[in-house]
Each structure stands twice: as C-alpha cells, then as structure tokens.
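A short write-up of the structure that comes next.
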Amino acid sequence: MKKQFLLLTCLLFVFRVHPSLPLWNVGDGDAETPADITSQQRANLFTAEQLAQIRVSEWIDSFYARRAKHDGFNGVVMIAKNGQIIYSNAFGYSNLETREPLTLQSSLQLASVSKTFTAAAVLLLAEQGFFSLDDTLCKFIPNFPYKAITIKHLLTHRSGLPEYTHFDREYFNSPCEYLSNSDVLNMLARRKPALRYRPGYMFHYCNTNYVLLAALIEEVTQMSYAEFMQRTIFEPLGMQNTFVFDPDNPDLPVVPTYDTKGKYWSNNMFDGVTGDKGIYASAEDLLKWDIALRSGLLLKEETLQDAYTPHSTDRYSFAKDKDKNYGYGWRLLRQPDRTYLVYHNGNWHGANNVFARDIDDGYTVIVLGNKSNPYNYWTQPVWTWLQQLKTLEHTAFNP
C-alpha cells in the first residue's frame, strides 16, 4: 500500500507540478485583457491599477502600524492578488525575550489553519482511490467505536463527536508528557464518550474530527502525518519554512507564542496532537499554498469546488447566521454578491491567525500572530480597501 501511494504521488507531481514551474508567477496575464483595448488604454489602465495598489498598500501599512503601536499587534501580514504580492510586512518580534524580529520567513503556529492542509490531504487520497468520502472511518480503523461516522462527517464537522481538549489527562490514561493522535483514538475506543448528536444531524465545530482525519491518513499511507505532509505537500510546493510540530525535535525553528501581556505561553499535553493544528508555516509559504490551490497543482477543480461548497444547509446549523457555513476544511462567508469568501482562522495558545481567500477575484489575506490578540481577526478594513481595487478593475473592463 505504501509503495502504491508513493507511485501515485510521484505521477501526480510529474504531471501537475513540474519542478521548473514558477509558482510565484501565477497571475492574470495579458490573455485576460480584452483584445479590442488600445495600447494607450492598456498603459493608462495598468498605471491606474498600479497607483491604486500603491495607495491601498499605504492604507494597509498605516492600519497595521497603528495596531502595532496601540493594541500590541505582533505578527506578519501578506496581501496578494492571484499570487502577486500587493503588501507584506512584519511587525514585532518572533522572540520577545531576545527581541529577534519577525520576518516573512518566520515559522508560526497555524493553529486551525492547519485544517486546510489536513482536508486537502484527505481529498487528494480520495482522488487517488484510497477511499470514498462516504466510507465510514471504522472501515479503516476497526476499533473506532462509532460505526455510522463517515469521512465526510469528519471533514464537515457533522460527526457529533465530543471535543478531545475538554477531557482531563486521566481520561487518556497516557504516561507521556505529550498526547498523540493514537492516544485520542484509544481514548475514544476505550471510553466511548457519548456523542453530542447523531452523525450528520448538524454542524458543530470540533477539533476531534481533524485529529481522526490525520489518523486516517496515517493508516492508509503507512506514514506518519508529518512525513506524509512533508513528502506530498510541503516539499513539492517549495514550502521550506513549513513543518509539523514534533515535541521530540528541539531543532525545529518554532516561533514561540505569548499571552496578551507578553508572557511566554508554554506547551501543554495537547501540543503533541496534530491534524487539527500543529503545522507551522511562514507567510511566504502560505501564499505558495494559496497559489497551489488556485492553480490546480494539487487537487482537481471539481474537488476544490466541492470543498468550497456549503455542506451544512439544514435548519439547525448556523441558525443565527445563514451567511456562514463550512465546506471541507474551509469556513465560508457569503458576500453581498452571493459568492463565498473561503477562509479559516486559527487560535491556539497565543497564535491568532487569518487565512482568507476571495476565490472569484483572486485576493488573499494572510495575518499570522504569535502574541495573543483577538483583534488579529479584524480584517474588514483590509477587505474594504481591496473592494476599491475590485471596483476599479470591473469598471475598467466593463465601461
């Protein structure tokens, strides 16, 4: 099975990700410019766009500079359009004690933004025929006690499983300092805690789902989650500052996290569990991830469209806000034009992150922070300024 997987993976990247393909040069290109536009009009148009981007970049920089000064923002920001950077900057320090500055290459804890990688890995394996999303988890992990829970239930947070981080250490019966994914799985098999509701009934965000998806990846590939992600996603996409946290590897370039007062936030027993969190990446690498998804370098277009489709349209899910939903590893927020903003936030220890993507217009907003600050999620001013660029583009091409 492992050899079969490696062969399929190699074939995938021979045909989809040739090593010489320039990931950073994915953009609109002249091919999308109307054929009847004159050279002078084209020159004026690009000048207007460039000037608008400069102005927007200045506004964004001023916004985050004020935040760094007045509410303690400590993090990295990157804004792009179809893979081309509009704005990027780092504010504050990767280590508050040594005053080492953050950079665009700093590897920060992604927290739940890690779920976008776990979901994509599961979808890739489904494309390659290792399983169907409608298969039950117990088909591959026989000791899993909840026989009706499918892979799709886990992807969409519709399993009804309890949250593993709410259980005390005694419940896991593990002598290790750090719990593992196997510890979580064994706890469920041994203790059989009650489900919150029957599988498929409604959406309820639960980290346990993505821990089990990581366990599924390990089971069908016979590789660790970290090894699979490194071989299949990080290395082929050139994500050199991205890795899965390993508490037994002190050499990993981990950026520490801090509370709101700047006190170091120590790891706890749950930091050994991965799939729901645990991936560290730089802003530069997250943009590579965005480009790979937009360009179809990893997953088929129909798979991506399914991942970006609301999967909780029952009357019980998102009852107070029907403009929100969840796909496969992505949160969805309906925009005024009825399209969806595809995003995922992250929150673990002092990491507060945003990875948001306007699929139709090509904009990407990345905010990674390592000092606890709920205002990191406040990106509406950025989207308001980007809307001005959208308006300029739509007006220019549709006079």
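Filter the stretch 254-269 down to residues that are hydroxyl-bearing (Ser, Thr, Tyr) and in a loop (DSSP other than H, G, I, E, B) and give me whichever is surrounded by the most Cβ atoms within 10 Å (Cβ to Cβ). Walk me through how you get there before you give the answer.
Narrowing the stretch 254-269 to residues hydroxyl-bearing (Ser, Thr, Tyr): 257-258, 260, 264, 266.
Retained after the next criterion (residues that are in a loop (DSSP other than H, G, I, E, B)): 257, 260, 266.
Numbers: 257: 22, 260: 12, 266: 9.
Residue satisfying both the conditions and the ranking: 257.
Return yes when residue 196 is farther than 28 Å from residue 373 by Cβ, surrounded by fewer than 18 Cβ atoms within 10 Å (Cβ to Cβ) and within 23 Å of the chain's Cα centre (by Cα) and no when it is not. Before you say what the answer is, go through the steps one by one.
On the way: farther than 28 Å from residue 373 by Cβ: yes; surrounded by fewer than 18 Cβ atoms within 10 Å (Cβ to Cβ): yes; within 23 Å of the chain's Cα centre (by Cα): no.
When the stated conditions are applied, residue 196 does not pass them.
If you take the residues in the stretch 349-373 that are assigned to a strand (DSSP E or B) and among the small types (Gly, Ala, Ser), which one is surrounded by the fewest Cβ atoms within 10 Å (Cβ to Cβ)? Spell out how you get there, then give the answer.
Applying the first criterion (assigned to a strand (DSSP E or B)) to the stretch 349-373 yields 351-358, 363-369, 371.
So of that shortlist, the ones also among the small types (Gly, Ala, Ser) come out as 351, 356, 369.
Numbers: 351: 26, 356: 21, 369: 28.
Per the stated criteria, the residue is 356.
Restricting to the stretch 68-94, and then to whatever is in a strand (DSSP E or B), farther than 18 Å from residue 109 by Cβ and in contact with a Gly (Cβ under 9 Å, 6 or more places away or on another chain), can you tell me which residue is modelled with the highest pLDDT?
Here is the first cut: in the stretch 68-94, the ones in a strand (DSSP E or B) are 75-81, 84-91, 93-94.
Keeping just the survivors that are farther than 18 Å from residue 109 by Cβ gives 79-81, 84-89.
In the following step, the residues that additionally are in contact with a Gly (Cβ under 9 Å, 6 or more places away or on another chain) were identified as 80-81, 84.
Values: 80: 97, 81: 94, 84: 94.
Result: 80.
Determine if the stretch 140-150 includes at least one residue that is touching a residue at least 60 places away in the same chain (Cβ under 8 Å), of a type in the set (Ser, Thr, Tyr) and closer than 12 Å to residue 213 by Cβ.
Step one: filter the stretch 140-150 for residues touching a residue at least 60 places away in the same chain (Cβ under 8 Å), giving 140-141, 144.
Filter again for of a type in the set (Ser, Thr, Tyr), leaving none.
Looking for residues that are touching a residue at least 60 places away in the same chain (Cβ under 8 Å), of a type in the set (Ser, Thr, Tyr) and closer than 12 Å to residue 213 by Cβ, one finds none in the stretch 140-150, hence no.
Given the structure, is residue 173 out of contact with any Cys (no Cβ under 7 Å at 6 or more places or on another chain) and within 30 Å of residue 58 (Cα to Cα)? Outline the logic, then answer.
On the way: out of contact with any Cys (no Cβ under 7 Å at 6 or more places or on another chain): yes; within 30 Å of residue 58 (Cα to Cα): no.
For residue 173, the condition - out of contact with any Cys (no Cβ under 7 Å at 6 or more places or on another chain) and within 30 Å of residue 58 (Cα to Cα) - is not met.
Taking only the stretch 281-327 into account, find how many residues are among the polar types (S, T, N, Q), under 17 Å from residue 236 (Cα atoms) and either modelled with pLDDT under 95 or surrounded by fewer than 21 Cβ atoms within 10 Å (Cβ to Cβ) (or both).
Step one: of the stretch 281-327, the residues among the polar types (S, T, N, Q) are 282, 295, 303, 305, 309, 312-313, 317, 325.
With under 17 Å from residue 236 (Cα atoms) added as a condition, the list becomes 282, 295.
Retained after the next criterion (residues that are either modelled with pLDDT under 95 or surrounded by fewer than 21 Cβ atoms within 10 Å (Cβ to Cβ) (or both)): 295.
The total comes to 1.
Collect the residues in the stretch 265-294 that are farther than 22 Å from residue 77 by Cα and either free of Cβ contacts under 8 Å to residues at least 40 places away in the same chain or not hydrophobic (A, V, I, L, M, F, W, C) (or both), keeping them in residue-number order.
266, 267, 268, 271, 272, 274, 275, 276
Specify which of the listed residues (314, 276, 306, 321) is closer than 21 Å to residue 157 by Cα, charged (D, E, K, R) and not in a loop (DSSP other than H, G, I, E, B). Break it down stepwise before answering.
Numbers: 314 fails: not in a loop (DSSP other than H, G, I, E, B); 276 fails: not in a loop (DSSP other than H, G, I, E, B); 321 fails: not in a loop (DSSP other than H, G, I, E, B).
Exactly one residue qualifies, and that residue is 306.
In the stretch 360-389, how many residues are in contact (Cβ under 8 Å) with a residue 40 or more places away in the chain and closer than 21 Å to residue 284 by Cβ?
Result for the stretch 360-389: 13.
State whether the residues of the stretch 232-247 include one that is assigned to a helix (DSSP H, G or I) and in contact with a Ser or Thr (Cβ under 6 Å, 6 or more places away or on another chain). Let's see the steps before the verdict.
Filtering the stretch 232-247 down to residues assigned to a helix (DSSP H, G or I) leaves 232-234.
Those left that are additionally in contact with a Ser or Thr (Cβ under 6 Å, 6 or more places away or on another chain): 232, 234.
Among the residues of the stretch 232-247, at least one is assigned to a helix (DSSP H, G or I) and in contact with a Ser or Thr (Cβ under 6 Å, 6 or more places away or on another chain), which makes the answer yes.
I'm told residue 277 meets every condition in (1) within 17 Å of the chain's Cα centre (by Cα); (2) surrounded by fewer than 18 Cβ atoms within 10 Å (Cβ to Cβ) except one. Can you identify the failing condition by its number?
That leaves (2) as the condition not met.
Quick one: which residue in 197, 205 is part of a loop (DSSP other than H, G, I, E, B) and either touching a residue at least 40 places away in the same chain (Cβ under 8 Å) or of a type in the set (Gly, Ala, Ser) (or both)? Steps first, answer last, please.
Details: 197 fails: either touching a residue at least 40 places away in the same chain (Cβ under 8 Å) or of a type in the set (Gly, Ala, Ser) (or both).
Answer to the selection: 205.
So residue 173 passes all but one of these: (1) surrounded by fewer than 17 Cβ atoms within 10 Å (Cβ to Cβ); (2) under 23 Å from the mean Cα position of the chain (by Cα); (3) not aliphatic (A, V, I, L, M). Which condition number does it fail?
If we test residue 173 against (1) surrounded by fewer than 17 Cβ atoms within 10 Å (Cβ to Cβ); (2) under 23 Å from the mean Cα position of the chain (by Cα); (3) not aliphatic (A, V, I, L, M), just (2) comes out false.
Could you identify the single residue in 398, 376 that is buried (at least 19 other Cβ atoms within 10 Å of the Cβ) and either farther than 29 Å from residue 133 by Cβ or at pLDDT 95 or above (or both)?
Numbers: 398 fails: buried (at least 19 other Cβ atoms within 10 Å of the Cβ).
That would be 376, the only listed residue that is buried (at least 19 other Cβ atoms within 10 Å of the Cβ) and either farther than 29 Å from residue 133 by Cβ or at pLDDT 95 or above (or both).
Which one of these is crowded, with 17+ Cβ neighbours inside 10 Å, in contact with a Pro (Cβ under 9 Å, 6 or more places away or on another chain), closer than 22 Å to residue 265 by Cα and polar (S, T, N, Q): 112, 159, 94? Write out each step before concluding.
On the way: 112 fails: in contact with a Pro (Cβ under 9 Å, 6 or more places away or on another chain); 159 fails: closer than 22 Å to residue 265 by Cα.
After applying the criteria, what remains is 94.
With respect to residue 251, determine if the residue is closer than 21 Å to residue 103 by Cβ and either charged (D, E, K, R) or surrounded by fewer than 22 Cβ atoms within 10 Å (Cβ to Cβ) (or both). Give the derivation first.
Details: closer than 21 Å to residue 103 by Cβ: yes; either charged (D, E, K, R) or surrounded by fewer than 22 Cβ atoms within 10 Å (Cβ to Cβ) (or both): yes.
Criteria met by residue 251.
When the residues of the stretch 95-114 are narrowed to those that are assigned to a loop (DSSP other than H, G, I, E, B) and of a type in the set (Gly, Ala, Ser), which ends up nearest to residue 351 (Cα to Cα)? Full working, then the answer.
Looking only at the stretch 95-114, we keep the residues that are assigned to a loop (DSSP other than H, G, I, E, B), and these are 96-99, 102-107, 110.
Within this subset, residues satisfying the condition of being of a type in the set (Gly, Ala, Ser) are 106-107.
Numbers: 106: 13, 107: 12 Å.
The extreme case among them is 107.
Please determine, by comparing only the residues of the stretch 220-230 that are buried (at least 16 other Cβ atoms within 10 Å of the Cβ) and either within 17 Å of the chain's Cα centre (by Cα) or not polar (S, T, N, Q) (or both), which one is nearest to residue 145 (Cα to Cα).
Filtering the stretch 220-230 down to residues buried (at least 16 other Cβ atoms within 10 Å of the Cβ) leaves 220-221, 223-226, 228-230.
Next, only the ones that are either within 17 Å of the chain's Cα centre (by Cα) or not polar (S, T, N, Q) (or both) stay: 220, 223, 225-226, 228-230.
On the way: 220: 18, 223: 23, 225: 22, 226: 25, 228: 26, 229: 27, 230: 30 Å.
The selected residue is 220.
Take residue 234 and decide whether it is crowded, with 18+ Cβ neighbours inside 10 Å, over 23 Å from residue 131 (Cβ atoms) and either out of contact with any Lys or Arg (no Cβ under 6 Å at 6 or more places or on another chain) or free of Cβ contacts under 8 Å to residues at least 40 places away in the same chain (or both).
Against the criterion (crowded, with 18+ Cβ neighbours inside 10 Å, over 23 Å from residue 131 (Cβ atoms) and either out of contact with any Lys or Arg (no Cβ under 6 Å at 6 or more places or on another chain) or free of Cβ contacts under 8 Å to residues at least 40 places away in the same chain (or both)), residue 234 does not qualify.
Restricting attention to the stretch 120-135, does a residue exist that is within 27 Å of residue 88 (Cα to Cα), assigned to a helix (DSSP H, G or I) and at pLDDT 95 or above?
Here is the first cut: in the stretch 120-135, the residues within 27 Å of residue 88 (Cα to Cα) are 120.
Adding the requirement that they be assigned to a helix (DSSP H, G or I) leaves 120.
Applying the additional criterion that residues be at pLDDT 95 or above yields 120.
The answer is yes; a qualifying residue exists.
The values are calculated or read from the model by the stated rules, or taken from the named source; none is laboratory data. Nothing here was measured: the structure is a model prediction, and the numbers come from that model. Using ideal geometry, Cβ is built from the backbone for each residue, glycine included, and neighbour counts are taken over all protein chains shown.
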